[in-house]
Amino acid sequence: MNDTSIDYADLAEYDRRQLCIERHLLTAFLGGLAVGLVGMFLAGKGPGWIGQIYDPYVYLALSLAVGATASGFGWALLTTFLAAASTLVAAMGAGALSGGPAFDVIGGSAAGLNWTIGLLVGLGLLAYATRRHDAWGDLAAGAVGVALIADVMDRATPGFIDSDRSFWPGPAVVVGLLSVALVFLLRRKARGRARALTLSAVFAGVFAACLAAILSGWIPPTV
């Protein structure tokens, strides 16, 4: 009888785990639909800074939240891709209804769309890795900060790939400060926070140096 009760408890725990996974999948899908629809309807409406912050940073925030709450690496990969795909489907559907191209809503172009989806999935996996309590978790948190700060620098630097003059200084400063705060919040111990922030600063500095070298002509843009 005791063995039977233990088996029932294990089965109940297994059912609860499966239910949590199902709910997480559904939440990722519905969250992607909601974010994609809102982004489509906000495109070209209201103050310009709203669209600049929404695209792509709300999409990135969704991916980070989905990845950080996944129950495993494989589930993080699946749910972040599901969230990104549902965002795309929602944007395309809303774009078809309004008669506008969906590719201009997410990422600004077809190439930007592919980059955004890849970034969404990658950040989701990094967010899952930040749940580790070792140096790898610190490195993942630092990488999240680098990815966000590098995107801010790319958009705020005149003459670069996605540069936008109106993105600097307001939206750039807001997103940059939120990125630093996010790295701080992803680690719970002071040592981990120090490591993650240091890694973000170092790699962001390297990216800035490479960016300056490309813009000054020291490094050919085609390299």
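Got a number for the accessible area of residue 24? Probe 1.4 Å, square angstrom, nearest 10.
Accessible surface of residue 24 is approximately 40 Å².
So if I take the centroid of the Cα atoms in the stretch 166-208 and the same for the stretch 118-149, what is the distance between those two points in Å?
Taking the Cα centre of the stretch 118-149 as reference, the centre of the stretch 166-208 is 12 Å away.
With a ≥ b ≥ c the root eigenvalues of the C-alpha gyration tensor of the stretch 33-73, is it rounded (a/c under 1.5), prolate (a/b larger than b/c) or oblate?
prolate
Mind ranking 178, 78 by accessible surface for me, highest first, 1.4 Å probe?
178, 78
The values are calculated or read from the model by the stated rules, or taken from the named source; none is laboratory data. Model, not experiment: these values are computed from the prediction. The accessibility values were calculated without ligands, DNA or RNA, using every heavy atom of the protein model including side chains. Shrake-Rupley method; radii C 1.70, N 1.55, O 1.52, S 1.80 Å.
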